[in-house]
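Visitor: If you scroll down you'll find the structure; I have some questions about it.
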Amino acid sequence: MKIHGISGVLLAGGKSRRMGQDKRSVTVGESTLFHRVLSIFEKVFDEIIIVIAEESSVTESLSHKVITDIISGKGPIGGLHAGLLHSMQPSVFLAACDMPFLHVPIIERICQAVSDINTVNQVDVAMVRLLTGIQPMQGIYSKNCIPALENMIRNNELSMQKIPLQSDLHCQFIDQKHIEDLDKNFVSFMNVNTPSDLEMANKFVSID
């Protein structure tokens, strides 16, 4: 069942410096990294916004909205900012195309947690907090974040980890105990940035 009131923003930048090639086109299992992640989004969100930094044949002929950063060269924060401005919904769920093990039930649980909280108090930012740290690249952000993101960009403060520190945003953390029944090893938060990451991801696929 699709989640209403939240758009999916998929960051598909294309720089891939550590991979040495366009990681959107590398293969994990039987699919490219990009299409593997996009297929997960398509199961969950009616509106999908794909944010790119560089043009690629990977994103050609898609029915989804493909946009470029409004303020270029600012990394994931710039992509989130652009996605929020283009979203038709009041909030977005953010993830990157280098996360091959995104898990629909975890996305649904994060979105449901925010929905439950919002019946009492408005949340601007929600993300999972593992013992290893917070996970901003699998989080929900409301349009109320736009001024704070623009201020961070002006100050060249580009760490996603610092978004919850913005004083004018109400942030909610979802502890790992609330999702570990769905992903006990938390592989859904894995990023593929290097050839060795890619090798490991394909080993996980072969085990499954």
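The values are calculated or read from the model by the stated rules, or taken from the named source; none is laboratory data. The structure displayed is predicted, hence computed values, not measured ones. Glycine also receives a Cβ, built like all others from the backbone with ideal geometry; neighbour counts cover every protein chain displayed. Side chains included, ligands, DNA and RNA excluded: accessible areas come from the protein's heavy atoms. Shrake-Rupley method; radii C 1.70, N 1.55, O 1.52, S 1.80 Å.
Visitor: Suppose R0 equals 22 Å; then what is the FRET efficiency for Ser39 and His178 from their Cβ-Cβ distance, rounded to the nearest 0.05?
Guide: 0.30
Visitor: In whole angstrom, note down how far apart the Cα centers of the range 128-143 and the range 160-186 are.
Guide: 4 Å
Visitor: Further question: Would you calculate a helix-derived [θ] at 222 nm for the chain, using -39,500 (n - 2.57) for each DSSP H run of n ≥ 4 and dividing by the full residue count, to the nearest 500?
Guide: -9500 deg cm²/dmol
Visitor: What is the percent carbon and sulfur in the accessible area of the range 27-86, measuring with a 1.4 Å probe over the protein chains and ignoring ligands?
Guide: Answer for the range 27-86 is 46 percent, counting heavy atoms of protein chains only.
Visitor: Defining a contact as two alpha carbons under 8 Å apart and six or more residues distant in sequence, what relative contact order in percent does the range 63-208 show?
Guide: 29 percent
Visitor: Could I ask something else about it? Among all the aspartates and glutamates, which ones have a C-alpha under 13 Å from Lys2's C-alpha, if same-chain residues fewer than 8 places away are not counted?
Guide: Glu42, Asp46, Glu47, Glu108
Visitor: Rounded if a/c is under 1.5, else prolate if a/b is larger than b/c, else oblate: which is the range 14-151, with a ≥ b ≥ c the root eigenvalues of its Cα gyration tensor?
Guide: Cα axes put the range 14-151 in the prolate bin.
Visitor: What FRET efficiency, computed as 1/(1 + (r/R0)^6) with R0 = 25 Å and r the Cβ-Cβ distance, is obtained for Phe204 and Glu108, rounded to the nearest 0.05?
Guide: It comes out at approximately 0.70.
Visitor: Between Ser25 and Thr132, what is the label-to-label distance in nm when each label sits 7 Å out along the Cα-to-Cβ direction?
Guide: With each label placed 7 Å out from Cα toward Cβ, I get 3.0 nm.
Visitor: At 1.4 Å probe radius, can you tell me the per residue accessible area of the chain in Å²?
Guide: Value returned for the chain: 48 Å² of accessible area per residue.
Visitor: Can you tell me the order of 58-70, 185-197 when each peptide is scored by its average per-residue count of other Cβ atoms within 10 angstrom, highest first?
Guide: For the peptides 58-70, 185-197, the packing ranking is 185-197, 58-70.
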